[in-house]
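Worksheet: the structure to be examined is printed underneath.
The values are calculated or read from the model by the stated rules, or taken from the named source; none is laboratory data. Predicted, not measured: the structure shown is a model, and the values here were computed from it. Here the Cβ positions follow ideal geometry from the backbone for every residue, glycine too, while neighbour counts run over all protein chains shown. Heads up: the accessible areas ignore ligands, DNA and RNA and are worked out on the full protein's heavy atoms, side chains in. Shrake-Rupley method; radii C 1.70, N 1.55, O 1.52, S 1.80 Å.
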Amino acid sequence: MRVVAPLAVLVLLLLGLPHAAGWFHAWQPQLSHPLYTRTSFLALTLAHLGLVAAATSVAVAVGLGLGIVATRPAGRSLLPTVRAVAVIGQTVPPVAVLAIAVPLLGFGAAPTLLALVLYGVLPVLGQTVAGLDQVSPAALHAADGMGYGRWRRLLDVELPLAAGPVMAGVRLSAIVGVGTATIGSAVGATTLGSPIVEGLVGNNPAYVVQGALLVGALALTVDGALAVLERRLRRAL
Amino acid sequence: MKAAALPVFVLAFVGMVAASLPAFLHVAPNRLLSGDALSPHVGSMAGAWLFAAACMLLAFPGRRVLVAALAWAGLVGLPLLAGTDARLILAHASPFARVQLGAGFWVQWLAAALLLLDRLRGMHRAVQAGAWLAAFAAVVLAFATGAFDSLALVREWQAQRAPFAAAAVAHLRLAAITLALALAIGAPLGWWAWRRRRGDGVLVGVLAFLQTVPSLALFALLIAPFAWLARAWPALGALGFGGTGAAPAVFALLLYALLPVVRYTVAGLDAVPGDAREAARGLGMSRSQLLLRVQLPLGWPVLLAGLRIVAVQTIGLAAVAALIGAGGLGRFVFLGIGQGAMDMVTLGTLAIIVMALAVDLLFQGLLALTERRA
C-alpha cells in the first residue's frame, strides 16, 4: 500500500503530464509555455533517481565502514570524534553543504553529488553505530563460544542483528537525498527541481507545480519502498 | 594507550593531507572570477601535524596537554596566518583582488577543532569551557583589531553590512515564529494524541507523510493556494499572504516542525511516571492542574530536547525558503550562486551554520539548566 499508491501516482503523473498542456493553459491562460518541455519528465525523474542512488550507495558504503571501524575494540577511541562530527554535521543544513560544494567543484551535477554523499553519510553512520551498540552481549558471547572469529561474528551475527536500524538510516539518507537533489537544480544539476527553479525564476507557476508534484510522488515512492525493505529486514530477525 | 592515540593519528593525517592541498588560499583578480590556489606554508603546517602525531608515539608526561595546546594554537593560529598572508598578498595586488580561504584552510581548521575536542575529553569541565572560550575570545579580538580585514569573506561582509544584518534578523524571525507556532499547535495536538492512544495513528501518519515531501516542492506547492487566499480575502493579502513571501514559508516550516513537536510531547507525557499521576489524582487535582503542575514540569525536558531538534532543522530549512521570496540568509546563498559571487555564498552559508550551532548550544544550555533543577 505504502509503495503502490505513490508509485501509481508517479506513473500516472509521468504518463499524464505531457498531455496536460490544455489544463495548465486553462489554469494560467497568460502563459505562453504552460508545459515544461526542455527535458522530458521521464528523463528528469531518471536523472534525479540516478543521482540519489549513486550518492546513497557511496554514503552507505562510507557510513557503514566508518560505523564498523568505530565500534571495533581497536577503533573505539574514535567513537567520540565520530559522534562529534555527526552532531556538528546535523546542524549544517543541506543547502549549506550544497553551497560549500560549489566553489570546490563548480556548477552542475558534481557539487550536488558531493553534497548528497557528505550529507547522506551521517544518518547511516549514526544508525550503524547505534545498531551495532545495541546488539546484546549475550549474542556476542554465544558467537565467541561457538568459536566464531572476529570477521565471522561481524558478518553472521552483528550486522544481521543491526540490519533494522542500519536500514532506517539508509532510508533517511535516501529521503534527505531526494530533497537535496531537488535543491541541487539551483546550482545547475538536472533534476526534478529544474522545472521548479526555472518556474520560480521565470514566474511560471505551471512549471513549479509540475516539478513539485513529480518530486513529491517520487519522494513518497522511494520512502515507501525503503520502508517495506526495512520492515522485512526487521521481521526476518 | 595505543588505542587512545588513534584519533590523534587520524586527525593529524587528515590535517597533513589538507596542509599539502594546493589551496590554503585562493587569490582572485576580482569578486566574481575564480582565483589561483596558493599554499605558502605547506612545510611548516604539515610539520606541525607530524609533530602532533609524533608526540603520541613517544611516551613522556604532559604530552596530552602539549597536543591539546598544539590543537588550540591551530584553531587560533590558522585564521591569523590566513589573515596575515592575505594582507601581504594584497599589498602588491590590484585594489579589486580578493583572497579567499581555500579547502586546505577549512579542513585543517576543522581537524584542529576536533583534535582539541578529543584531547580535552575527560578534563575538568571548567578547563574545557575555558579553552573554548579563550579560543573564541582570541579570534574575536583578532577580528576586532582588523587582523582578518584582508580576507574576502570579511570584505564581503563589510560591503554588505546592512543587508546582511537585515537578512540575519529575517532568518531568525522566520525560525522564531515557526518555533512559537509549532509549540502552540503541536503541544496540544501531542497531548490530544497521547490521551487517545488509538487516534494518533492518522495524525502522526499525515505529519510523517508531509516530512517526506522535499522542502522545495512543499514551498512551491503552497504558492498557488496562498496566492488564491490573498485574492479571495484582500485583508489576508495585507498581512503578507501573497503567493510568495514569508507567510507560505512559515506555513511550510510549521508543517515540517509539527511532527517532532507532537512526537516529543507524547514522549514527554510518557516520561511522567504513572505513580506521579495517580498521586496527583489522589490529592484531588483536576485534569488541568495535573497538566500544569505535574505533567508539564516532569515532561518539559523531553519536550525541550524536541524543540532543540526543531529549532536547528527550521534554521536549515528556512534557507530554502529564500527561493520563494521569504528572505533570510538563504537569499545571500542563492543570490551569490546566481551571480557567481562565491564570497557572498560563503558568507551566507557560514552565518547559517553559526546560527544553527549557536541555537543548538543555547538549547543544550537550557536543557542542562532544567536537568540540574529537576
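Of note:
- Given (1) within 14 Å of chain B (Cβ to nearest Cβ); (2) open to solvent by 10 Å² or more (accessible area, probe 1.4 Å); (3) within 21 Å of the chain's Cα centre (by Cα), index of the condition A:LEU113 fails: (1)
- Inter-residue pairs, beta-carbon under 7 Å, first more than 8 Å from chain A (Cβ to nearest Cβ) and in the range B:340-361, second of a type outside the set (Lys, Arg) and outside any helix (DSSP H, G or I), 6+ apart: B:GLY340/B:LEU32; B:ALA341/B:LEU32; B:ASP343/B:GLN100
- Answer from B:LEU296, B:LEU307 - the residue that is more than 10 Å from chain A (Cβ to nearest Cβ) and open to solvent by less than 20 Å² (accessible area, probe 1.4 Å): B:LEU307
- Qualifying residue in the range A:192-210 (condition: within 14 Å of chain B (Cβ to nearest Cβ), outside any helix (DSSP H, G or I) and either under 20 Å from the mean Cα position of the chain (by Cα) or farther than 24 Å from A:LEU17 by Cα (or both)): yes
- Conditions (1) at pLDDT below 85; (2) surrounded by 18 or more Cβ atoms within 10 Å (Cβ to Cβ); (3) more than 8 Å from every other protein chain (Cβ to nearest Cβ); (4) farther than 19 Å from A:VAL176 by Cβ: number failed by A:GLY106: (2)
- Looking across B:ALA137, B:ALA111, B:ALA69, B:ALA73, one residue alone is open to solvent by less than 20 Å² (accessible area, probe 1.4 Å), among the aliphatic types (A, V, I, L, M) and either in contact with a Leu (Cβ under 7 Å, 6 or more places away or on another chain) or at pLDDT 90 or above (or both). It is B:ALA111.
- Top-ranked residue in the range B:203-231 [being open to solvent by less than 20 Å² (accessible area, probe 1.4 Å) and of a type in the set (Phe, Trp, Tyr); ranked as nearest to the other protein chains (Cβ to nearest Cβ)]: B:PHE219
- Count - residues of the range B:325-351 that are over 27 Å from B:PHE96 (Cα atoms) and either crowded, with 24+ Cβ neighbours inside 10 Å or in contact with an Asp or Glu (Cβ under 8 Å, 6 or more places away or on another chain) (or both): 2
- Selected residue (only one of B:ALA279, B:ALA257, B:ALA271 is under 18 Å from B:ARG196 (Cα atoms) and assigned by the TED database to the domain that holds B:ARG173): B:ALA271
- The range A:1-59, residues that are assigned to a loop (DSSP other than H, G, I, E, B) and buried (at least 19 other Cβ atoms within 10 Å of the Cβ): A:PRO34, A:LEU35, A:TYR36
- Residue within the range B:27-35 that is more than 11 Å from every other protein chain (Cβ to nearest Cβ), surrounded by fewer than 18 Cβ atoms within 10 Å (Cβ to Cβ) and in contact with a Phe, Trp or Tyr (Cβ under 7 Å, 6 or more places away or on another chain) present: yes
- Of A:LEU113, A:LEU140, A:LEU161, all but one fail to be touching a residue at least 24 places away in the same chain (Cβ under 8 Å), within 23 Å of A:VAL69 (Cα to Cα) and assigned to a helix (DSSP H, G or I); the exception is A:LEU161.
- Filtered residues of the range A:63-103 (kept if open to solvent by 60 Å² or more (accessible area, probe 1.4 Å), touching a helix residue (DSSP H, G or I) at 6+ places or on another chain (Cβ under 6 Å) and more than 8 Å from chain B (Cβ to nearest Cβ)): A:LEU66, A:VAL69
- Selected residue (only one of A:VAL228, A:VAL222 is within 30 Å of A:LEU161 (Cα to Cα) and surrounded by 23 or more Cβ atoms within 10 Å (Cβ to Cβ)): A:VAL222
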